[in-house]
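Right, one structure below, let's go through it.
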Amino acid sequence: MVQYREVKKRHPDAILFFQVGDFYETFEDDAREISRILNIALTSRDRDSENPVPLAGVPVHAAETYISRLLGAGKTVVVCDQVEQPTAGKKLVRREVVDVVTPGTTLSPSTLDERENNFVAAAVVVRERCGFAMLDLSTGEFDAGENTLAAAENILAGYRFREAVVPRGGEEAKRLLSTGDGDCSFREIDDWRFGAEEGRRVLLEHFAVENLVCFGIDDEPLAAAAAGALLGWVGELRGSGLKHITGLRRFATSDTLFLDAETLRNLELFDPIRGGAVESTLVYHVDRTLTAPGARVLRSWLRHPSRAIAAIEARLAGIDALVSDQIALRALRGALGGFPDVERLLARISAEKAGPRELLALSDALGRAPQIADAVRGIDTAIVLDAASDLRLETGSYELIRRSIEPGSPPHLRDGGVVRRGFDERLDRLIDDSEGGKRWVAALQESERKRTGISSLKVGFNRVFGYYIEVSRAHADKVPGNYAARQTLVASQRYVTAELKEREQSILLAEARRVELEKTIFAGICRRIAAESATLQRIAAASAKLDVLAGLADLAIERHWCRPAVDDSNDLVIVGGRHPVVEALVDREFIPNDLVLRPDERQVIVITGPNMGGKSTFIRQAAIISILAHAGSFVPADRAEIGLMDRVFTRVGSSDNLAKGQSTFLVEMGETAKILHNCTSRSLVLLDEVGRGTSTLDGLSLAWAVTEFLIENERRRPKTLFATHYHELTRLADLYPGVHNMRVDVKEWGNRIIFLYRIVPGACDRSYGIHVAQLAGLPASVIRRAGAILDSLEEGEQLPGDAPAAARQPSLFDAPDPLRDRLLALDTDRVTPIDALRLLDELRRLALETRR
C-alpha cells in the first residue's frame, strides 16, 4: 500500500489501475468511483481490521474493456504494471507506470471508433481573438489556426472533441470547445504554457525546424500558442512516442465550404436529428469505403468540402475514370478489402504500445500496397497516379518486420517467442540454452522409463510446481530413492530430482532472459519503424484516398449519379435532382425536381404548398447536392452546374434550448440573425418556415422583412430557398424581379389530396392543412369540425366566441380595394351631374373587375 500511495500521489486526479498478480486493483476513493461507474463489486482489503481499505478490481486480460467505459465517463486512467516476476523470498515486486490514458489521447483500438477521428483540442482567447488547435493522436493529424472569436466559434462548432486543454480559468475557451452533447472533458493547465514564445519553442523543437513559416502560422502567435500548449501537454502525458506527428496544418477557412453546426445538424450529414436512426444520415448512404482511414477521409471531405476548383476537379476526374473502367474499379476494391489501418498501427508502434501482431499487420499492409497501385495501373488521372506513386514508396519497415518477427507470434510480448531466430545473436544463444534444456527434459522421460521400468512414467510442467516426474500409485514400489515427493494426487504422485530442479532453473532463467531481451529488441524495431512515419503516413493517405474515390464511384454507378460541372460562376442549376437519403429509404420511385438559381435574375425562390408535399426535401436536396459537389463527389441528379459557394446556411425545423432558457422562437430568431450577419453573395441559404414560432402577423412580418433584407442588401445577396406557409410572401415576386415562386403540385380527388411531389412554377393559394391532418390520423370528428370552422372563416364569418370583426387586428397584407380607394378619393362637392353618371359607370366596371 505504501508503493500504491506513492504512485497515487503523483497522479491524484486519475484512477490508478495497480497490478496485483492477474488483477488491476483500485483502492479507497478510486475503488468507490469505479464500482459506481462500472457496476462492479466494492469489497475491502484487511476487512477484519479497524480501518479496512475499500477495494475494487478488474482482471488484467479484460482491462481494456473497463478502461474504455471509464474514458467514456471522462476519466483519466493510470496503468501501473508489475515489471518483474515474483521470486521466492521476495515479497514486493517492482511496479512502474506504463501508461496514462485519457479520453482524447487513448490509442487502444477498443476505445476508439475506427471510422471517426478522436480529437483532443486546445484554445486560448485574448480579447476578441482566439488561437485553437486539435490533434488526433491515434492518426497524427494536427491542425491549428487563429481568428476572431466569432469566426473561431463557427469553425469549431461542427467538431466533437473528446477532451480539451485550456488555461486555468479559461471559461471562454471552454465555451468555445464545448461539444453539443457535453461529453468533452476539460483539463486546465498553467497559463504560461499558452504563451506565444513557449508554444513556438515546443513546436520548433518537436518538428526540428528553424521557424513556423512552413506551417503557415509564423504570423499567428495565438495559433502557435494553442498548438504548442497542446503538443507539450500530450508529450508530457504520453512521454515519448510522438514521432508519427510529422506535420501541422493551418486552418484556412477560405479553402473550404463552411458548414456550421446548425447546417450539419439540419441536413443530418453525420448525426440523426431524432434518436439513433443512423439510416437518416447522409454519411450512412454515401460511405462505401472498405478501410477505416478511407472512412475518416470521406468524413473529412464532407465536413470540409473544398473551394479549390483544381482539387474538386481532380477528385471528380478520379471518380469518372473509375466509373468508366469498372474492371479497374472492381480490382481496386478487391485489393482494398481488409486493408489494415496503417495510421493507427503507426501511432501505437511510435508510442511503443503495439504488440507483435500489430507489426505483422503493418507488414501485411506494406506488402499489399503495390497490389493496390497495380489495380489502377490503367487509370491516367493525376489524383490516382499520385496515389499509386505513393503506394510504391520505398520503406525499410517491410523487410525489417519480415526478418525480425515470427509470423505465428503470440499477441503479447510477455509470452515470448516473438523475435525470429537469426535476427539477433544474443537472443539466438538464449534460445539455444532454453531449447537445449527443454530437449534434455523431453529426453528425460524416455531415459527414466528405461531406468525405472515404469512404462507410464511422465515428465510434465505447471506454473506452480515447475517440472515434475509423475508416477501412478500402481508403480509406487518402483520409485527410485533420488525421487523427492512434491505433490500427491488421487491416482498418482509427483516427484522432482536435484538434477531436474537444476535444469529447471537454467531453463526458466534462459526463458526470462529471452523474454526481457525480446522486449528490448522489439522496442528497437518499433523505434526504427517510427522513424519512417512520414513515408508510412503517405502510403496510408494514398490508400485512403483511393478507397474514397472507389467508394464514390461504386455509389455513382449503382445510384445513377452524374458528374457535376463545378466552376467559378455564382449559379446553381440542378436538373432531375434527388435527395440521396430519401431516395434510398422510400418504398416508391423518387420524383426528381429541377432547380435554377442565378442571382442576377433568380436569386430567391419562395416555395409554397402543403406539408408532406416535398418542400423541405426539395430545399435540403439542393444543399446536399451542392455539398457533395464541393466535396468532389458525383451527385444525385441528371445534370448539375454548381458555382463555387463560401457557406451553406440552414434555418430548418423547430427546437428549444431549455438549458439556456431559450424558447423555440428565440432559437429560430438567433439562427436567422446568424445567417443575416454572416451570409455573402456566394452563400446558399435555406429557410424553412421562418416566423412560425410566434403569432401569424408577427411571423409573417418578420419573414417578409428577412426576405427583403436578403434581396436588397448589396453585400449580402445569397442564393435563397424559402419554404413557407405564408402565401402572402409570394407577392414579393411582383415587387422584386429576383424573386420567383414555386409550389408543390397536388391533385385534389373528392375530399382528399394526392401528393405529386413535383415542384413547379407558381404560387399555391391553399395550405391543405386539414387534409394533411386527416392523413396523420386525427379523429374524424376533429377533422369535420375544423372543416366547418374553415368554411365559416372563408365566408367572412367569425370564430366561435370571437370579437367583432372591427375589433380584430387587420392584416398587414390585405388586398388593395380599388373601388373603395376611388370612392375615398372622390370630392362630391365638385362633381357635376354628367361627371356623376360617368363616375357611376366607372365604379360599376371596377366592381365587376374586383368580383372577377
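The values are calculated or read from the model by the stated rules, or taken from the named source; none is laboratory data. Everything quoted here is computed from the prediction, not taken from an experiment. With ideal geometry, Cβ positions are generated from the backbone for all residues, glycine too; neighbour counts draw on all protein chains shown. Accessible surface areas use protein heavy atoms only, side chains included; no ligands, DNA or RNA. Shrake-Rupley method; radii C 1.70, N 1.55, O 1.52, S 1.80 Å.
The set of residues in segment 389-403 that are assigned to a helix (DSSP H, G or I), exposed (fewer than 14 other Cβ atoms within 10 Å of the Cβ) and not polar (S, T, N, Q) comprises 399, 403. Beta carbons closer than 6 Å, at least 6 apart along the sequence or on distinct chains, never pair a first residue in segment 395-414 that is touching a residue at least 40 places away in the same chain (Cβ under 8 Å) with a second that is open to solvent by 60 Å² or more (accessible area, probe 1.4 Å) and among the hydrophobic types (A, V, I, L, M, F, W, C). Across segment 196-220, what is the number of residues that are part of a helix (DSSP H, G or I), surrounded by fewer than 20 Cβ atoms within 10 Å (Cβ to Cβ) and touching a residue at least 24 places away in the same chain (Cβ under 8 Å)? Count: 6.
Annotation: of all residues in segment 170-194 being in a loop (DSSP other than H, G, I, E, B) and within 19 Å of residue 152 (Cβ to Cβ), the one that is modelled with the lowest pLDDT is 180. Residue 747 meets each of the listed conditions (1) surrounded by fewer than 10 Cβ atoms within 10 Å (Cβ to Cβ); (2) at pLDDT below 65; (3) touching a strand residue (DSSP E or B) at 6+ places or on another chain (Cβ under 7 Å) apart from (2). Looking across segment 83-109 at every residue that is surrounded by 13 or more Cβ atoms within 10 Å (Cβ to Cβ) and of a type in the set (Gly, Ala, Ser), the one that is farthest from the chain's Cα centre (by Cα) is identified as 108. If the condition is being surrounded by 24 or more Cβ atoms within 10 Å (Cβ to Cβ) and assigned to a loop (DSSP other than H, G, I, E, B), then segment 629-644 contributes 632, 633, 634, 636, 637. The set of residues in segment 4-27 being of a type in the set (Phe, Trp, Tyr) and either more than 30 Å from residue 463 (Cα to Cα) or open to solvent by 30 Å² or more (accessible area, probe 1.4 Å) (or both) consists of 23 alone.
Among the criteria (1) open to solvent by 40 Å² or more (accessible area, probe 1.4 Å); (2) closer than 25 Å to residue 583 by Cα; (3) not in a helix (DSSP H, G or I), the one residue 240 does not fulfil is (2).
When you scan segment 415-500 for strands (runs of 3 or more DSSP E) that lie fully inside it, which ones turn up with 1 or more residues that are β-branched (Val, Ile, Thr) and over 30 Å from residue 517 (Cα atoms)? Before the answer, list the steps.
Details: elements: 458-462, 466-472, 484-488, 492-496.
Fully inside segment 415-500 and qualifying: 466-472, 484-488.
Beta carbons closer than 8 Å, at least 6 apart along the sequence or on distinct chains, pair a first residue in segment 486-508 that is farther than 20 Å from residue 434 by Cβ with a second that is of a type in the set (Lys, Arg) and open to solvent by less than 50 Å² (accessible area, probe 1.4 Å) for 486/494; 487/494; 488/494.
Please report, ordered by residue number, the strands (runs of 3 or more DSSP E) entirely within segment 548-615 with at least 2 residues that are crowded, with 16+ Cβ neighbours inside 10 Å and modelled with pLDDT under 95. Spell out how you get there, then give the answer.
Working: elements: 565-567, 572-577, 593-597, 604-608.
Because the criterion is at least 2 residues that are crowded, with 16+ Cβ neighbours inside 10 Å and modelled with pLDDT under 95, the strands (runs of 3 or more DSSP E) in segment 548-615 that meet it are 604-608.
Which ones in segment 376-388 are open to solvent by 30 Å² or more (accessible area, probe 1.4 Å) and touching a residue at least 60 places away in the same chain (Cβ under 8 Å)?
Kept after step one, since they are open to solvent by 30 Å² or more (accessible area, probe 1.4 Å), are these residues of segment 376-388: 377-378, 380, 382, 385-386.
Hits for segment 376-388 are 382, 386.
For segment 475-505, the set of residues classified as surrounded by 15 or more Cβ atoms within 10 Å (Cβ to Cβ) and polar (S, T, N, Q) consists of 492, 493, 497, listed by residue number. Across segment 366-393, the number of residues qualifying as in contact with a Pro (Cβ under 8 Å, 6 or more places away or on another chain) and β-branched (Val, Ile, Thr) comes to 0. Among the residues of segment 709-724, those that are open to solvent by 50 Å² or more (accessible area, probe 1.4 Å) and either farther than 18 Å from residue 678 by Cβ or out of contact with any Phe, Trp or Tyr (no Cβ under 9 Å at 6 or more places or on another chain) (or both) comprise 709, 714, 715, 717.
So which of 705, 763 ends up being open to solvent by 20 Å² or more (accessible area, probe 1.4 Å) and part of a loop (DSSP other than H, G, I, E, B)?
Numbers: 705 fails: part of a loop (DSSP other than H, G, I, E, B).
Selected residue: 763, the only one of 705, 763 that is open to solvent by 20 Å² or more (accessible area, probe 1.4 Å) and part of a loop (DSSP other than H, G, I, E, B).
For the residues 303, 348, the requirement of being closer than 21 Å to residue 362 by Cβ, modelled with pLDDT under 95, touching a Leu at 6+ places or on another chain (Cβ under 9 Å) and among the basic types (Lys, Arg) singles out 348. Within segment 160-186, being open to solvent by 10 Å² or more (accessible area, probe 1.4 Å) and closer than 30 Å to residue 532 by Cα holds for one residue alone: 162.
Being outside any loop (DSSP other than H, G, I, E, B), within 26 Å of residue 634 (Cα to Cα) and either open to solvent by 20 Å² or more (accessible area, probe 1.4 Å) or not hydroxyl-bearing (Ser, Thr, Tyr) (or both) is the requirement here; does residue 372 meet it? When the stated conditions are applied, residue 372 passes them. If the condition is being within 15 Å of residue 358 (Cα to Cα) and in contact with an Asp or Glu (Cβ under 8 Å, 6 or more places away or on another chain), then segment 404-416 contributes only 413.
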